[in-house]
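**Q** Can you read through this structure? Questions will come right after.
A short reminder: the numbers here are calculations on the coordinates, not readings from a lab. Model, not experiment: these values are computed from the prediction. Note that each Cβ is placed from the backbone with ideal geometry, even for glycine, and that neighbours are counted across all protein chains shown.
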Amino acid sequence: MKTYISCLIVALAFGTAALAQQKKDVPETVHITYHAKAGSEAALERVILRQWQVARKMNLFNATPHVLVRGVEDGDKTFVVEIVEWRDENIPDHAPPEIQAIWKEMRALVEPRKGRPGIDFIQVALIQK
């Protein structure tokens, strides 16, 4: 009986691992607008680039697309737009502590504008890869 239970436990463990491997990632592309506080533009850009590097190293972002552009609104207020593709749509809701720490830094460098949050996420779909 003890051997049977041991075999059952091993079979369940392998079955669970096999199911986990069968789950396919569902990528999620997001368009992110960062409304930079005056004087924090360069620091914000550095933190955004560091997030990209850390997330890629941790296999959280897919390699493409990654677009990072800067613009000006209301005459003199800088914003940065980033387009990234999460490897899986569940990652942002369960981001590791390293990414959450970077997000905390980002929040200190942005401000709400025109009724929108300082960091504004919109899920988008790639038309062409």
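**Q** Does segment 55-111 classify as rounded, prolate or oblate by the C-alpha gyration tensor (a ≥ b ≥ c root eigenvalues; a/c under 1.5 gives rounded; else a/b over b/c gives prolate, otherwise oblate)?
**A** Oblate, because a/c is 1.5 or more while a/b does not exceed b/c.
**Q** Between Trp103 and Thr64, what length in nm is gained on full extension when 0.36 nm per residue of separation is reduced by their alpha carbon distance?
**A** 12.0 nm
**Q** List the residues, sorted by chain then number, that are 5 or more residues from Phe61 or on another chain and whose placed amide H is less than 5 Å from its amide H.
**A** Counting only residues 5 or more places away or on other chains, the set is Arg56, Arg87.
**Q** Once a ≥ b ≥ c are taken as the square roots of the eigenvalues of the Cα gyration tensor of segment 34-129, is the result rounded (a/c under 1.5), prolate (a/b larger than b/c) or oblate (a/b not larger than b/c)?
**A** The shape class here is prolate.
**Q** Can I ask one more? Which order do the peptides 72-83, 25-36 come out in when sorted by mean C-beta neighbours inside 10 angstrom, highest first?
**A** 25-36, 72-83
**Q** Hey, another quick one. Take the cross-link list Lys77/Lys104; Lys23/Lys104; Lys57/Lys114 and give me the ones stretching past 25 Å between alpha-carbons.
**A** Beyond 25 Å between Cα atoms: Lys23/Lys104; Lys57/Lys114.
**Q** Could I ask something else about it? What does the charge count around Phe79 come to, taking other residues whose C-beta lies under 14 Å from its C-beta (Lys +1, Arg +1, Asp -1, Glu -1)?
**A** So the surrounding residues net to -2.
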